[in-house]
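In what follows, a structure is listed as structure tokens, so that the remarks can point back to it.
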């Protein structure tokens, strides 16, 4: 299984846990932003660079658009600004600082300044040491979910933002609008047999 398919499956699991209707409006507002004119709403410039580096490392451009192409970093900034309370916002700032300090200790630079090989080494370490989401049955987590930490939460939000974007959701994945179109007057001959349920 290739990385992109594995991420798609992970996103389906993660997306069901954090799907909040208000986030869809944030995705739409990201679509209107001009990348060259973008100034973070909540993040500082250095924090925005961290988020951009994080999402680009997780989902770089390949034969499909990368996370930066669909403005996932702008989406995350808006989520932090418009849906997080003050305590949660402070936690984001502190966790980014902590993440960068760990990178400085191991590699001598903040995450955004690392090359791709060094970033992947950081991700590999974080993947091994971070708690994971509980397995799910029919969209519900099995057992009590313990906190998964900043790395896993940010990864999950990145995947959700990426796969929920119009570019990916409509142009690169199968799209079937539910409940679908309303057809009020349909000739009986098109319906066929009566439905049993």
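The values are calculated or read from the model by the stated rules, or taken from the named source; none is laboratory data. All figures in this text were calculated on a predicted structure; none of them were measured in a lab. FYI the Cβ positions are ideal-geometry reconstructions off the backbone, even for glycines, and counts take in every protein chain you see.
Checking each residue in segment 140-151 for being exposed (fewer than 10 other Cβ atoms within 10 Å of the Cβ) and either under 18 Å from the mean Cα position of the chain (by Cα) or closer than 26 Å to residue 90 by Cα (or both) picks out 144, 147.
Number of residues in segment 96-122 that are touching a residue at least 24 places away in the same chain (Cβ under 8 Å) and surrounded by fewer than 16 Cβ atoms within 10 Å (Cβ to Cβ) equals 3. Screening residue 178 against (1) surrounded by 14 or more Cβ atoms within 10 Å (Cβ to Cβ); (2) over 16 Å from residue 55 (Cα atoms) leaves a single unmet condition, (1). Residues in segment 137-193 that are part of a loop (DSSP other than H, G, I, E, B) and touching a residue at least 24 places away in the same chain (Cβ under 8 Å): 139, 165, 172, 173. Candidates are the residues of segment 130-139 that are under 19 Å from the mean Cα position of the chain (by Cα) and modelled with pLDDT of 80 or more; the one that is nearest to residue 99 (Cα to Cα) is 130. Between 93, 70, 79, the distinction of being more than 24 Å from residue 163 (Cα to Cα) and either surrounded by 14 or more Cβ atoms within 10 Å (Cβ to Cβ) or modelled with pLDDT of 95 or more (or both) belongs to 93 only.
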